1. Please give every one of the aspartates and glutamates within straight-line cross-link reach of B:Lys43, meaning a C-alpha to C-alpha distance under 18 Å, and leave out same-chain neighbours fewer than 8 residues apart.
2. Nearest 10 degrees, 0 to 90: what angle lies between the long axis of helix B:5-15 and the longest principal axis of chain B (Cα atoms)?
3. Would you calculate a helix-derived [θ] at 222 nm for chain B, using -39,500 (n - 2.57) for each DSSP H run of n ≥ 4 and dividing by the full residue count, to the nearest 500?
4. What is the mean number of Cβ atoms from other protein chains located within 10 Å of the Cβ atom of each residue in peptide A:62-68, rounded to a whole number?
5. Greater than 18 Å separation of Cα atoms is the criterion. Which listed pairs, A:Lys77/A:Lys103; A:Lys13/A:Lys103; A:Lys48/A:Lys103; A:Lys13/A:Lys77; A:Lys13/B:Lys45; A:Lys22/A:Lys77, meet it?
6. Taking beta carbons within 10 Å but only from partner chains, what does the mean come to for residues A:36-47?
7. Within a 10 angstrom radius of each residue's Cβ in A:80-87, how many Cβ atoms of other chains show up on average? Whole number is fine.
8. With a point put 7 Å past each Cα toward its Cβ, work out how far B:Leu74 is from A:Asn67 in nm, to one decimal.
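What follows draws every value from the coordinates through simple rules; no lab data is involved. Quick caveat, the model's predicted, so the values are computed rather than measured. Positions of Cβ are backbone-derived with ideal geometry, glycine not excepted, and every protein chain shown enters the neighbour counts.
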Amino acid sequence: MADANQIIDNEVKSNDVVLFMKGTPQFPMCGFSGQVVQILNYLGVPYKGVNVLEDETVRQGIKDYSNWPTIPQLYVKGEFVGGCDITREMFQAGELQQLFADKGPRLFCLGHSRGEFSLTDLKYAPGTLLPLVGRSWRWGCERHVGPVQRWHPHP
Amino acid sequence: MPMNAGEIESMIRAALPDAVVEIKDLAGDGDHYAATVTSSAFKGKSRVQQHQMVYAALQGHMGGTLHALALTTLAPDN
C-alpha cells in the first residue's frame, strides 16, 4: 500500500502550486473547492488539482499532513497557504497575488513572445492594462503592448 | 447530528476565553455556519495558525459533525 503521506509530500514538493480539492479544476464537486479554483483561474496561475475523492487515504492523509480538518487546501512552493476562507481573504487583500509574485513559478505572458515578465507581474490579472513607465513597459515588455494575457509557465 | 450555534460558540470560548464570537447560520439548516472570532490570543499568529486554534477548540468536530464553518479570525486592534 502506498503511503498517503509520501504521495502527498511528493505532490506538494514537486508542484509549485497544488490544490487538494474535491473534484477537479474542470468539475469541482464542492462549493469551497470551486471558489479556490475560480480564484486561481482568475489569476491565471498554473496549478495542479489533486482530487481527494479519488483516494480515501489521501482524503484523510491531507488533513493530518497539514493539521487542517477541511478540504480544499492550497500549497505554494511546498508551504500550506490555507483553505477556502484564507485563500479568499488573501485574494481580496491582494496578499495572494503578492505571494505568487514572490514565490510563484517563473511565468511569461502569451501576449509577447520573448521577454520575460518579472514575478511581480502576477499581481495583474489577465486583461489588465499595464502602465508605461519611462521608455519601457514596466510591467510588460517592449514586444508586447497590450493587456496581460494568460500566464504560462516559462519553458 | 449537526451542531447548534450555541455549542460552537461555547467550545470556542472554552479554549479562547476572551474571544468575541459571532455566528451566522448561513442556510438556516443548522449545518452551514459563518463565524467571526476575535481574540487577543491571535496576536502575532498567522491566519493558518489562528484558524488552527479555532479548529483545535472545536475538538475534531470541524470537518465531521460540523460540516461547514466559514471562518474569519481577527486580533483586536490595540
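1. In chain and number order, the partners are A:Glu89, B:Asp18, B:Asp77.
2. Result, in degrees: 30.
3. Working: 2 runs with 22 residues, N = 78.
For chain B, the value works out to -8500 deg cm²/dmol.
4. Working: counts 0, 2, 0, 0, 2, 4, 6.
If you average over the peptide's residues, the count of other-chain Cβ atoms is 2.
5. Details: A:Lys77/A:Lys103 7 Å; A:Lys13/A:Lys103 13 Å; A:Lys48/A:Lys103 16 Å; A:Lys13/A:Lys77 7 Å; A:Lys13/B:Lys45 25 Å; A:Lys22/A:Lys77 21 Å.
Table pairs above 18 Å Cα-Cα are A:Lys13/B:Lys45; A:Lys22/A:Lys77.
6. On the way: counts 0, 0, 0, 0, 0, 0, 0, 0, 0, 0, 0, 0.
Neighbouring Cβ atoms belonging to other protein chains average 0 per residue here.
7. Working: counts 1, 2, 4, 5, 3, 9, 8, 1.
Mean partner shielding for this stretch: 4.
8. Reported label-point gap for B:Leu74 and A:Asn67 is 2.6 nm.
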